[in-house]
Amino acid sequence: MTKKNLSGQSLFEVVLALGLITLIMVSVVAMASLSIFNSSYAKNQTQATRLTETSLEWIRGERDNGWNDFLSQAVPNDSDQTKCFTDLSWENSKLGNCGDTDFINNTFLKREILFNFVDTTTIGVIVKVYWIDGHGYHEINSSTYLTNWN
């Protein structure tokens, strides 16, 4: 009779040990998955922030090259507009929001720039870089006002 109690007790201990091991393994896998997502998100966020700041610097350079040319490219007819930029050139920009395939070159990020006409000496600019992944929509944006300071 003593053997039966010991074998029953050993089986219980094995089942309990397997349950604990399974719980620990599930926790480790969940933490690893969350860590991979956070790492990927941080990488994308850094790249989007860099692209946003680069875009603003390019726009400032375009303004510095000549206000009237900048004004005619950014807000023709003195009207607010959004443009999609796959690269930083007026020629390759597209009027309106980015479409399904309008990614920034060599990325899966999209860039839209909204030009707000304030008056003939001031333009508001909002640069938005965004991406969509398995966890949803993510966006980095930055804004500034540009004036004809020359």
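The values are calculated or read from the model by the stated rules, or taken from the named source; none is laboratory data. Just so it is clear, the structure is predicted and the values come from calculations on it, not from any experiment. A quick note on method: Cβ atoms are made from the backbone with ideal geometry, for glycine too, and the neighbour counts reach across all protein chains shown.
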Count of residues meeting criterion [surrounded by fewer than 13 Cβ atoms within 10 Å (Cβ to Cβ) and among the acidic types (D, E)] in region 134-150: 0
Is there any pair linking a residue in region 67-83 that is more than 15 Å from T122 (Cβ to Cβ) to one that is crowded, with 16+ Cβ neighbours inside 10 Å and among the basic types (K, R), with Cβ under 8 Å and at least six apart or on different chains, and which? none
Flagged in region 108-145 as aliphatic (A, V, I, L, M), part of a strand (DSSP E or B) and within 16 Å of the chain's Cα centre (by Cα), in numbering order, are I113, I126, V127, V129, I132, I140
Looking at (1) exposed (fewer than 14 other Cβ atoms within 10 Å of the Cβ); (2) closer than 20 Å to T144 by Cα; (3) modelled with pLDDT under 95, which is the one condition that is false for N92? (2)
